[in-house]
1. Please work out how much accessible surface A:SER60 shows to a 1.4 Å probe, ignoring ligands, DNA and RNA, in Å² rounded to 10.
2. From zero up to wherever the largest Cα-Cα distance of segment A:150-279 sits, split into 10 Å bins and tell me the percent of pairs in each.
3. If N is the number of residues in the protein assembly as shown, what value comes out of its Cα radius of gyration divided by 2.2 N^0.38 Å?
4. Suppose the Debye formula is applied to equal point scatterers at every Cα of segment B:33-165; what is log10 I(q)/I(0) at q = 0.23 Å⁻¹?
5. Would you kindly state how much longer the chain becomes between A:ALA333 and A:ALA296 on full extension, computed as 0.36 nm times their sequence separation minus their alpha carbon distance, in nm to one decimal?
6. Please report, in debye to the nearest 20, how large the charge dipole of segment A:255-353 is about its Cα centre when each Lys and Arg carries +1 at its beta carbon and each Asp and Glu carries -1 there.
7. What percentages make up the Cα-Cα pair-distance distribution of chain A when the bins are 10 Å wide from 0?
8. Which percentage, to the nearest 5, of the DSSP beta bridges contained in the protein assembly as shown is antiparallel?
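The values are calculated or read from the model by the stated rules, or taken from the named source; none is laboratory data. Computed from a prediction, not measured in an experiment: that's the story for all the values here. Here the Cβ positions follow ideal geometry from the backbone for every residue, glycine too, while neighbour counts run over all protein chains shown. Keep in mind that these areas ignore ligands, DNA and RNA; they rest on the heavy atoms of the full protein, side chains included. Shrake-Rupley method; radii C 1.70, N 1.55, O 1.52, S 1.80 Å.
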Amino acid sequence: MQRHVCWIIGLVGLSSLGLGCARTDGPAGSEIVIGEFGSLSGSEATFGVSTKEGIDLAASEINAAGGVLGKRIVVKVENDESLEDRVAAAVQKLINYHNAVVVIGEVASGRSMVGGPICENAGVPMVTPSSTNPKVTERKKWVFRVCWTDDFQGEAMARFAYETLGARKSAVFTAINQAYSQGLAEYYEKTFKDLGGNVVATESYQGGKDRDFKAQLTNIKSMAPDVLFIPGYYTDVGAIATQARQVGISVPLLGGDGWEAEELFTQAKDVIEGSYYSTHYSSDEERPEVSNFVTAYKAKFSKTPDAMSALGYDAMKVVADAIRRAGSVDQEAIRAALEGTKEFPGVTGSITIDENHNARKPLVVQQLKGGKPTFVKSVQM
Amino acid sequence: MKSLLLPTLIAAGGIYLIERFCLPSVNPYYVTVMYAAGFNIIMAVSLNVINGFTGHFSLGHAGFMAVGAYASAGITCKHIEALRGALIFCPEPVANSLILLSVLLVGGVCAAMAGLIVGLPTLRLKGDYLAIATLGFGEIIRIIINNIGSLGGGRGLPNIPPLTNFFWTFLCVVVTILTLRNYTRSSHGKALLAIREDELAAEMVGINTTRYKVVAFVMGAFFAGIAGGLFAHYNNFISPNGFDFIQSVIFVVMVVLGGMGSITGSVLAAVFLTALPQFLSPLTRLMETWHLAGDPKNVIYPLLLIVMMLTRPKGLLADKELSWAGVQSVFLRLRRGHAAS
């Protein structure tokens with residue numbers, strides 16, 4: 001027995017010594033390594049892939065223009081398979097194996113909340129392109145985001161429903177197992193009530209699991225709301241919208257940036273016709289940043305970029321800008337430069353990082369017409 | 001008990017020395033992978049007692065892990081200051097260890113209770129039915145946690161104090177392995193094997209099958225709860241989605257690959273399957289150059305399982321253990337082979 005234990009201990013000790021001797025790539029002088037962790041496979045693969053494409057496009061543009069501080073940007077990507085327990089290894093690998101100067105990631109707030117503390121401890125700046133949960137950057141010295149937060153989005157949609165659409169009775173249909181969905185619903189309900197509106201029904205479903213929503217939708221219908229807010233991901237919204245129409249809910253549907261996906265717009269074309277959703281940017285906007293980005297993206301990937309690509313692109317550009325202003329790859333200097341980001345002309349609007357490390361920037365409301373999202377209005381924070 | 005104490009003490013000393021002298025020179029990335037392997041070893045070995053030794057297919061192991069994780073992290077998130085205050089007379093590392101140990105125990109006991117509640121009615125089921133019942137249990141746990149607002153609900157529980165360290169993780173690994181090894185070698189373990197081979201015959205020779213099955217199930221759940229507590233205090237963030245059906249399947253794959261009824265097999269499979277994804281990123285990049293999107297793991301896992309099912313249907317080390325004596329006998333046989341030729 002004791003012999004077995006000694007044997008095990010010996011093995012663990014040897015292997016850790018062996019690992020200690022294993023060399024890692026030293027930082028090459030002519031390159032700046034940017035790490036990215038994302039969901040390249042698994043349940044939220046489309047988000048991860050879109051983000052990666054945006055980051056790659058930005059990096060290749062920066063390198064074509066001579067790089068940053070005369071050095072090439074190299075993006076190292078680690079896949080976390082949409083699983084929270086893979087994030088720690090992915091982020092540690094970026095920091096300690098690839099020697100990333102800055103880490104970019106994740107889309108899902110839950111996974112950013114695993115990566116954040118690791119970067120915080122290691123003293124490596126982390127920029128999330130699209131995690132909108134307020135807790136991601138709360139009390140963090142090293143974590144930033146280039147998107148707005150759930151509270152702003154929920155609030156903006158409540159204002160849009162109350163002021164622009166003139167709705168007075170609203171129903172909310174939340175994915176109870178998704179942080180994102182609950183956050184949005186919370187701030188939407190609060191603002192809608194504060195404005196004087198009435199939230200007549202709040203129902204919930206299991207995001208990514210449930211397929212039959214008719215019981216909840218029938219309850220919602222019986223309360224006769226003016227609008228129905230569905231802050232879920234596109235993977236569920238198609239089925240929900242179809243069944244909502246089947247049970248006879250004909251009022252406009254509202255949603256958040258989780259709706260942003262080509263599949264939803266084309267497959268559920270008829271049932272979500274006329275619905276509104278908030279997002280980070282519209283490819284219809286006529287700013288030069290947007291048209292340049294859309295043209296370059298179409299040329300490289302032969303499809304229209306979605307919001308995740310735009311945010312990934314902006315995250316990379318904001319990071320490059322901060323390194324340029326920091327004048328070195330010193331991580332403390334980059335952190336300070338990120339904090340000082342002011343009115344950076346991004347694809348998703350003018351980005352200013354506030355004292356809580358969140359981006360102050362506009363939000364776009366789009367309406368679906370004939371299977372295509374069309375720009376309705378831009379809301380300033 | 002006596003046979004557990006001495007090896008555990010030796011192991012504690014060894015792990016402490018490793019943590020103190022080897023670990024600081026190891027790249028933190030490898031250490032992270034070692035932690036992940038440690039959690040997975042506890043999960044795989046404890047599941048093996050249920051799936052491998054007793055032969056009852058459970059698909060809800062991640063559910064027990066979730067119970068342990070949420071029970072322990074729920075306490076530390078809410079009351080860490082009070083606990084630290086109560087232990088103010090201890091130096092900080094000692095206080096942290098005491099807190100970690102006590103919440104791990106709470107997590108383990110909660111998971112064991114869940115195991116008892118689930119096990120009593122469902123272990124009367126056999127084969128596929130038990131698999132479905134335990135699968136249902138895992139989903140129920142996930143949905144219940146989704147609806148508990150004070151534990152963060154679907155938004156997850158952030159800012160869990162980082163109490164887990166290398167020493168306690170690997171000491172728990174060693175204790176799990178030793179306990180379950182002793183258990184499965186005892187007359188209890190023989191009873192479990194008898195149940196697996198032929199439940200009716202086992203009953204005929206006087207084995208109280210329900211009792212043994214429930215005890216095995218509860219033990220498996222207890223250690224899964226411990227692993228959950230360690231994971232929660234390592235990851236600093238947990239959410240119900242992290243403990244879904246897919247996770248349970250990953251643990252089952254570890255057991256099946258390593259071999260039903262082989263503890264060393266489960267350990268090897270857990271380490272192998274934890275490390276495997278780490279080596280795949282070059283392959284992913286290679287696939288990208290051929291314009292193939294996706295995760296090579298999704299090809300490798302099924303291939304691995306198919307090949308194994310065809311060649312070794314009970315797993316790599318079915319009912320066998322790797323041991324010193326085994327290795328020695330292989331060498332001896334080789335040498336004898338040489339001498340003969």
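1. About 50 Å², rounded to the nearest 10.
2. Final binned percentages: 14, 51, 33, 2.
3. Relative to the rule-of-thumb radius for its length, the protein assembly as shown sits at 1.01.
4. For the requested q values the scattering log ratios are -1.39.
5. 10.2 nm
6. Using Cβ point charges on Lys, Arg, Asp and Glu, segment A:255-353 gives about 440 debye.
7. 5, 23, 31, 22, 11, 5, 2, 0
8. Roughly 35 percent of the DSSP beta bridges within the protein assembly as shown come out antiparallel.
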